[in-house]
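Working notes for the structure below.
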Amino acid sequence: MASLATAEACDTNMSLLGTGDLRVLHPSFQIYGQCRSFSGPIVTVKVFEDNVFIRELLETRGEGRVLAIDGGGSMRCALVGGNLAQLAQNMGWAGIVVNGCIRDVEEINACDIGVRALASHPQKSNKKSTGEKQVPIYVGGTLIHPGEWLYADSDGILVSRTELSV
């Protein structure tokens, strides 16, 4: 998939920004992983300090999709670590955006995948199988629906109702 610069996408799609069909996430996400830019259709999951559903989704074929995780912005544990990032890479996911924390930063940075998260935290999450898959989530100041498109690079993260042309 061709790379799309988020700054250029904003400049050439001002009308979509005006209607809300293209949204910019708050600039609060840190960059991890080897892929500095990534994009793809969005799969959503809503969890709180529990990553069982995240693993279940990442165990499926990614096919260039992006997993958007609403972890409630929790800073008390990590939702994604090195093993899950490696799994995502192996299963063909383009990237992961975490409204929460990750851990195993060095392992994640060695993976050929794009990861954005609020911060890192050494403590692992719970394993209670609580949460919701493929539901609208509120992350980075915007509502994200499953099937929308996410574009991330060093300038920021965009969400679009439809795929943008390069």
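The values are calculated or read from the model by the stated rules, or taken from the named source; none is laboratory data. Since the model is a prediction, treat every value here as computed from it, not as a measurement. Every residue, glycine as well, gets a Cβ built from its backbone with ideal geometry; the counts of neighbours run over all protein chains shown. Accessible surface areas use protein heavy atoms only, side chains included; no ligands, DNA or RNA. Shrake-Rupley method; radii C 1.70, N 1.55, O 1.52, S 1.80 Å.
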- Message: Any residue in segment 17-34 that is under 18 Å from His145 (Cα atoms) and open to solvent by 80 Å² or more (accessible area, probe 1.4 Å) sitting within a Cβ distance under 8 Å of a residue that is outside any strand (DSSP E or B) and not hydroxyl-bearing (Ser, Thr, Tyr)? List the pairs, counting only those 6 or more apart or interchain.
- Response: His26/Gly140; His26/Gly141
- Task: Quickly run through segment 1-16 and pick out the residues that are part of a loop (DSSP other than H, G, I, E, B), of a type in the set (A, V, I, L, M) and surrounded by 15 or more Cβ atoms within 10 Å (Cβ to Cβ).
- Result: Leu4, Ala5
- Note on the structure: Filter segment 109-134 for residues that are in contact with a strand residue (DSSP E or B) (Cβ under 6 Å, 6 or more places away or on another chain) and of a type in the set (Ser, Thr, Tyr); the one that is surrounded by the fewest Cβ atoms within 10 Å (Cβ to Cβ) is Thr130
- Task: For residues that are in contact with a helix residue (DSSP H, G or I) (Cβ under 9 Å, 6 or more places away or on another chain), part of a strand (DSSP E or B) and not hydroxyl-bearing (Ser, Thr, Tyr), tally how many sit in segment 31-55.
- Result: 3
- In segment 35-71, residues that are touching a Gly at 6+ places or on another chain (Cβ under 8 Å), over 23 Å from Cys10 (Cα atoms) and surrounded by fewer than 17 Cβ atoms within 10 Å (Cβ to Cβ) total 3
- Query: Do any strands (runs of 3 or more DSSP E) entirely within segment 88-166 hold 2 or more residues that are of a type in the set (Asp, Glu), and if so, which?
  - Reply: none
- Task: With the condition kept exactly as written, say whether any residue in segment 61-81 is assigned to a strand (DSSP E or B), within 16 Å of the chain's Cα centre (by Cα) and among the hydroxyl-bearing types (Ser, Thr, Tyr).
- Result: no
- Query: Would you pick out the residues in segment 25-52 that are among the β-branched types (Val, Ile, Thr) and under 19 Å from Leu164 (Cα atoms)?
  - Reply: Ile42, Val43
- Message: Anything in segment 72-102 that is open to solvent by less than 30 Å² (accessible area, probe 1.4 Å) and of a type in the set (A, V, I, L, M)? List them, or say none.
- Response: Ala78, Leu79, Val80, Leu84, Ala85, Ala88, Ala94, Ile96, Val97, Val98, Ile102
